[in-house]
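Notes follow the structure.
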Amino acid sequence: MKLIRSTKYYAIFFVILSFSMMLFFAFVLNGTPNAVAESGSSNGYVRIINKQSRKMLGVENCSYKNGANVRQWEYTGEECQLWTLQKKNGYVRIVNKQGGKMLGVEGCSSKNGANVRQWEYTGEECQLWTLQKEHEYVRIINKQSGKMLGVEGCSSKNGANVRQWKHTGEECQLWKIIVD
């Protein structure tokens, strides 16, 4: 009788524990990239961090100009490293806090290695992205080209350029989105 009762309590305990863990992970993992993208806004800003280098996506020299390059850099706390994610017809616009400009592929190219820059909103598909979840990271995929946002040469150096490239499976194509 005691064995049956203790087994019953263990079963109830594990059901409650499993449910609690499921809620926790749904909030923590889905609450970062997916909830931000689905809501259309993070009610604030996000930092986009490369998995391999652990460096932030940011606008070069914190420029406000159209065509300013996008690179990775260690965290500086500057607004050019903060972004908003705005839902648009099932895709996401990635907008820099400082200049209010969109992340987009230069010249709307579909080529491997095409550069990524900021530009005022043009309505072109090269400024739209999808966030494809992979564990606690995301692949940031350009709508027009279907290519991934990644760090050139998988570099871990400050100032390394960010480009689009076909899926390679490398960690330099994975990003973590953290609500600031």
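Can you name every residue in the stretch 109-129 that is under 17 Å from LYS166 (Cβ atoms) and over 17 Å from the mean Cα position of the chain (by Cα)?
The answer is SER109, SER110, LYS111, ASN112, GLY113, ALA114, ASN115.
Residues to consider are GLU78, GLU136; find the one that is more than 24 Å from CYS62 (Cα to Cα) and touching a helix residue (DSSP H, G or I) at 6+ places or on another chain (Cβ under 6 Å). Outline the logic, then answer.
On the way: GLU78 fails: more than 24 Å from CYS62 (Cα to Cα).
Result of the check over GLU78, GLU136: GLU136.
Taking interchain pairs and intrachain pairs at least six residues apart, which have beta carbon atoms under 6 angstrom, with the first residue in the stretch 121-141 and closer than 15 Å to ILE178 by Cα and the second part of a loop (DSSP other than H, G, I, E, B)?
Final answer for the pair search is TYR137/LYS51; TYR137/LEU174.
I need every pair where a residue in the stretch 90-105 that is closer than 17 Å to GLN164 by Cβ and surrounded by fewer than 22 Cβ atoms within 10 Å (Cβ to Cβ) has its Cβ under 8 Å from the Cβ of a residue that is modelled with pLDDT of 95 or more and of a type in the set (S, T, N, Q), sequence separation at least 6 or different chains.
These pairs meet every condition: TYR91/THR130; ARG93/GLN86; ARG93/GLN127.
Suppose we keep only residues that are in contact with a strand residue (DSSP E or B) (Cβ under 7 Å, 6 or more places away or on another chain) and assigned to a loop (DSSP other than H, G, I, E, B) within the stretch 79-111. Which one would you say is nearest to GLU125 (Cα to Cα)? Give the steps one after another, and end with the answer.
First, pick out the residues of the stretch 79-111 that are in contact with a strand residue (DSSP E or B) (Cβ under 7 Å, 6 or more places away or on another chain): 80-86, 91-99, 101-106.
If we keep only those that are assigned to a loop (DSSP other than H, G, I, E, B) too, we end up with 82, 97-99, 101.
On the way: LEU82: 22, LYS97: 20, GLN98: 22, GLY99: 20, LYS101: 15 Å.
This residue is LYS101.
Just one of (1) over 19 Å from TRP175 (Cβ atoms); (2) touching an Asp or Glu at 6+ places or on another chain (Cβ under 9 Å); (3) among the basic types (Lys, Arg) trips up LYS97, so point out which.
Evaluating LYS97 over (1) over 19 Å from TRP175 (Cβ atoms); (2) touching an Asp or Glu at 6+ places or on another chain (Cβ under 9 Å); (3) among the basic types (Lys, Arg) leaves (1) as the failure.
Which of the residues belonging to the stretch 117-159 are closer than 17 Å to TYR91 by Cα and of a type in the set (Val, Ile, Thr)?
THR122, THR130, VAL138, ILE140, ILE141 - these are the residues of the stretch 117-159 that are closer than 17 Å to TYR91 by Cα and of a type in the set (Val, Ile, Thr).
Which of the following residues is among the acidic types (Asp, Glu) and closer than 21 Å to GLU79 by Cα: GLU124, GLU120?
Exactly one of GLU124, GLU120 is among the acidic types (Asp, Glu) and closer than 21 Å to GLU79 by Cα, namely GLU120.
Can you name the strands (runs of 3 or more DSSP E) wholly within the stretch 121-180 that have at least 2 residues being among the β-branched types (Val, Ile, Thr), modelled with pLDDT of 95 or more and surrounded by 17 or more Cβ atoms within 10 Å (Cβ to Cβ)?
Details: elements: 129-134, 137-142, 148-151, 162-165, 175-179.
The strands (runs of 3 or more DSSP E) meeting that bar are 137-142.
Given (1) under 18 Å from VAL162 (Cα atoms); (2) within 13 Å of the chain's Cα centre (by Cα); (3) assigned to a strand (DSSP E or B), identify the lone condition not met by ARG71.
(2)
What number goes with the only condition from (1) in a loop (DSSP other than H, G, I, E, B); (2) modelled with pLDDT of 95 or more that ILE48 does not pass?
The number of the failed condition is (1).
The values are calculated or read from the model by the stated rules, or taken from the named source; none is laboratory data. A quick note: this is a predicted structure, and the numbers were derived from the prediction, not measured. A quick note on method: Cβ atoms are made from the backbone with ideal geometry, for glycine too, and the neighbour counts reach across all protein chains shown.
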